[in-house]
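The values are calculated or read from the model by the stated rules, or taken from the named source; none is laboratory data. Keep in mind the model is a prediction, meaning the values are calculated, not measured. No Cβ is skipped: glycine too gets one built from the backbone with ideal geometry, and neighbour counts run over all protein chains shown.
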Amino acid sequence: MRTLAIFALAFAGGTALYQYLLTPATLLWAGGASLVLAAAGLLLSGRRRRALLLLSCALAAGALRSALFDLAHPLPAQAWDGAVCTVRAEATDYASPVSGRLRLPVRLLDGPGCAALYYGGAELADLSPGDTFTVLADIRYAGASHGETIHTFTSRGIYLLLYPKGPMEVTPGDSPLRYLPRRLAKAIEGRLSAHNDPETAAFLTALLLGDRTGFTEERSTQLSEAGLTHITAVSGLHCGFIVTAAILLVGRHRRRLLAAAAIPALLFYMLLAGCSASVVRATVIQILCLSAPLLRRPPDPLTSLGAAMLLLLALDPMAVTNTGFQLSFASMFGILCLTPQLYRLLTCRWTGRLWRGLAGTVAASLGATLATAPFCGAYFGRVSLVGPASNVLTFLVVEGLFLWGLVSLPLLALLPAAGPLVAAPLALGTRWVLGVADALARLPFHAVYTASPYLPYWLVYTGCLFFYCIFASGGRRKYLLATVLSGCALVLLLRLPAQGTRGARLHAAAVDVGQGACTVLASQGQTALVDCGSSNSFLSAGTAAADTLAIYGYGHLDALVLTHYHADHANGLEVLLSRTRVDRMFLPLLEEDGEDLYRQVLALAERYGAEVVYILGPERISLGAAELTLYPPLGTSGANEQGLTILCTLEDFDLLITGDMDSATERRLAETYPLPDIEVLLAGHHGSANSSSYDLLERVTPEVGVISTGTNSYGHPSPEAMERMASMGMELYRTDWQGTVSILVK
């Protein structure tokens, strides 16, 4: 039966190969390569021959299934890209907030008939699953953005994005049975909100249903940093809780009754949680394990894992590009293959029952962490080191919260007056879990940030240590010694700032936050940050800024400067302030307290104890050996023109940041203040055609231009601005090409 697991893994490799590297045009070449591989297998004999034939067939099958799936789904959807027409759609879920508007999952009833996301206003809040509507919409293919292939939506079976161009006409649905689980999930969310405080309700909704929309940016970051995000993403952990509850009710040895009780509960919970890849995978594995004894076969979790993978990818090969899919299977693989070995290392025949229970939790957490570390590093830029500790401290509480949360729902329906009594344990358990996450996320070295230039050397060193342990003589002590040596080396590396910054008198870094702005300035132990925001929803400017500060060894911010109150310059503050201490915030003063973002910034400053300083005239502040000069707003209308200008000076080196001001305000800046000849200009407004004007360039004569930009629909950076800067002899750098641009003054 292990053959199925190997075939499934190779099939997944074929689908991944097609999705990431191949195209329909190159499929023939890939097919030829698989035939050559199969022919090579025929020259071998015995087990090697069977293995090579199996792998070549599985790889070819995965790539071929992906190609056929493309012909049936993504390619027809691409034909509608850019169309503006009237569409008829059916809501398949409830709307959720995203980036200041509502997003509604729908199924198109005309045209391609595929799943889509509809972005609209407050009118979507009244729609329920099963309702239909007609609207004139701008249709966009979800698998590409500005010429770049993206898998965010297509990996979840969503192929089109709809944007309204007119009013919508709604027809109430007839509440079809297939939407009953989603309606029930909505009712559960309402009941949790009615009987619990907002923080407890948000946590329980995420724990029971996997819906994390109620979390603040700060809370999501804390859980991620502490290695506890998995408890809010419905997966095998939650399905394991359901099976545990069934075992407690009917007993472990009554296998038929256990299967009869657990399998329907698992299927219903899978529908309730929205049939995400992780819960489908876990449900299939649990059902196969529960059914194996009934078929007189021993349970084989690895084969069950392969069957689940094969089933999901056969239905939708594009699921292989889904981050949750990859993390889900990687964590389960780590638990099945690495956990037994780790458990044996942590226990011996003299250890007691309590220690064995703790060792089991630690081994499972370590196994999942090691297996998912490459994916976490690639997608999130960090790997939590405190994950095993946080799992040990919260596992039993999370299990209790999950089971009591499910039990409390019918109890509250029958006895509404018992609400406070039922909610008390839930609130207490939630405070414990969130308190553990908060405490561990504040510990030094609680996570490794993969952008560190030293991390590859540490990985090679650790790999060599454990490779040596495999062949060296001795018992388990050699692995313990290797772990200690690896941990010590990691601590030493994390103590070092990034290469080259130790001897620099000034370090400036334009952080890659996509279409946004974030600049680090550091000198002799003092650090400042200018702006922290991004308009790209798939990037977190606060995370990027905090990670950059950690990589370079900057423990806190002496100053944080906001040029103006636009999201692409300030929407990362919540995450940043939750991870990094800020002493003072320098802000432009709004004459009227009318902007939501302005009020949010002030609330965050008060919450985290940062002193607020308004810039009403030119102000100089020291930054180690350097000096920052902050110029007040000079424009008369619009947030872009009412922003601050920052000049960073170290002897004969000058760096200028002008925010998003246009050419008229740049001219006023050059006429009002005695700006020096500068060495580096952070190009205005992400390289807009109306910024970095000749008036400014001829006044300050910069030698280097840095453009902070990313995927956008504005045409930034514009050819006109690029030509102006090039004509001045400037050397240009772009964060969308070079990533974070670092400047050192020795």
**Asked** If we keep just the residues of the range 516-545 that are in contact with a Cys (Cβ under 9 Å, 6 or more places away or on another chain) and assigned to a helix (DSSP H, G or I), which is nearest to N640 (Cα to Cα)?
**Response** A541
**Prompt:** Going by the structure shown, is I188 of a type in the set (A, V, I, L, M), part of a helix (DSSP H, G or I) and under 30 Å from P317 (Cβ atoms)?
**Reply:** no
**Item:** Residue that is at pLDDT below 80 and surrounded by fewer than 18 Cβ atoms within 10 Å (Cβ to Cβ), where the choices are G381, G400, G377
**Value:** G377
**Selection from the range 704-720 of residues that are in contact with a helix residue (DSSP H, G or I) (Cβ under 6 Å, 6 or more places away or on another chain) and crowded, with 23+ Cβ neighbours inside 10 Å** = G705, I707, S708, T709, P717
**Message:** Quick check on my filter: what residues within the range 598-644 are part of a helix (DSSP H, G or I), crowded, with 18+ Cβ neighbours inside 10 Å and hydrophobic (A, V, I, L, M, F, W, C)?
**Reply:** V601, L604, A605
**Request:** Please enumerate the residues belonging to the range 702-746 that are outside any strand (DSSP E or B) and small (G, A, S).
**Result:** S708, G710, S713, G715, S718, A721, A726, S727, G729, G739
**Item:** All positions within the range 686-695 that are within 16 Å of A670 (Cβ to Cβ) and surrounded by 24 or more Cβ atoms within 10 Å (Cβ to Cβ)
**Value:** S691, S692
**Message:** Looking at L589, L573, L604, L577 in this structure, which one is more than 12 Å from A639 (Cβ to Cβ) and out of contact with any helix residue (DSSP H, G or I) (no Cβ under 7 Å at 6 or more places or on another chain)?
**Reply:** L589
**Asked** Are any residues in the range 342-360 assigned to a helix (DSSP H, G or I), modelled with pLDDT under 80 and farther than 21 Å from L396 by Cα, and if so, which ones?
**Response** L345
**Prompt:** Any idea which of (1) buried (at least 24 other Cβ atoms within 10 Å of the Cβ); (2) closer than 30 Å to T152 by Cα is the one L549 doesn't satisfy?
**Reply:** (1)
**Asked** All but one of (1) in contact (Cβ under 8 Å) with a residue 40 or more places away in the chain; (2) buried (at least 17 other Cβ atoms within 10 Å of the Cβ) hold for A363; which doesn't?
**Response** (1)
**Asked** Which members of the range 88-120 meet the condition of being in a loop (DSSP other than H, G, I, E, B), under 23 Å from N536 (Cα atoms) and either modelled with pLDDT of 90 or more or touching an Asp or Glu at 6+ places or on another chain (Cβ under 8 Å) (or both)?
**Response** A95
**Complete:** Exactly one of S304, S276 is surrounded by 14 or more Cβ atoms within 10 Å (Cβ to Cβ), hydroxyl-bearing (S, T, Y), in the same structural domain as F333 (by TED's automatic domain parsing) and at pLDDT 75 or above, and that residue is S304
**Message:** So, in the range 238-250, how many residues would count as being closer than 28 Å to A447 by Cβ and surrounded by fewer than 21 Cβ atoms within 10 Å (Cβ to Cβ)?
**Reply:** 2
**Request:** Taking only the range 663-689 into account, find how many residues are among the charged types (D, E, K, R) and out of contact with any helix residue (DSSP H, G or I) (no Cβ under 7 Å at 6 or more places or on another chain).
**Result:** 3
**Request:** State yes or no: is G687 in contact (Cβ under 8 Å) with a residue 12 or more places away in the chain and on the phi < 0 side of the Ramachandran plot?
**Result:** no
**Request:** Check A25, A30 and return the single one that is touching a Phe, Trp or Tyr at 6+ places or on another chain (Cβ under 9 Å), modelled with pLDDT under 80 and more than 23 Å from L305 (Cβ to Cβ).
**Result:** A30
**Prompt:** Do we have any residue at all in the range 649-669 that's of a type in the set (K, R), in a strand (DSSP E or B) and either surrounded by 14 or more Cβ atoms within 10 Å (Cβ to Cβ) or free of Cβ contacts under 8 Å to residues at least 60 places away in the same chain (or both)?
**Reply:** no
**Request:** Could you please give the count of residues in the range 403-419 that are in contact (Cβ under 8 Å) with a residue 40 or more places away in the chain and either under 16 Å from E199 (Cα atoms) or more than 34 Å from the chain's Cα centre (by Cα) (or both)?
**Result:** 4
**Message:** If I filter the range 216-228 for residues that are surrounded by fewer than 21 Cβ atoms within 10 Å (Cβ to Cβ), in contact with a helix residue (DSSP H, G or I) (Cβ under 9 Å, 6 or more places away or on another chain), hydrophobic (A, V, I, L, M, F, W, C) and assigned by TED's automatic domain parsing to the domain that holds A262, do I get at least one hit?
**Reply:** no
**Request:** Just need a number here: residues in the range 667-702 that are out of contact with any Leu (no Cβ under 8 Å at 6 or more places or on another chain) and of a type in the set (D, E, K, R).
**Result:** 4
**Request:** Collect the residues in the range 155-183 that are at pLDDT below 90 and outside any loop (DSSP other than H, G, I, E, B), keeping them in residue-number order.
**Result:** S155, R156, L177, R178, Y179, L180, P181, R182, R183
**Asked** Pick from the range 125-169 the residues that are of a type in the set (D, E) and under 28 Å from the mean Cα position of the chain (by Cα): which of them is farthest from A319 (Cα to Cα)?
**Response** D138
**Item:** Every residue from the range 721-731 that is buried (at least 18 other Cβ atoms within 10 Å of the Cβ) and touching a strand residue (DSSP E or B) at 6+ places or on another chain (Cβ under 6 Å)
**Value:** M725, M730
**Request:** For residues that are among the β-branched types (V, I, T) and modelled with pLDDT of 90 or more, tally how many sit in the range 543-574.
**Result:** 2
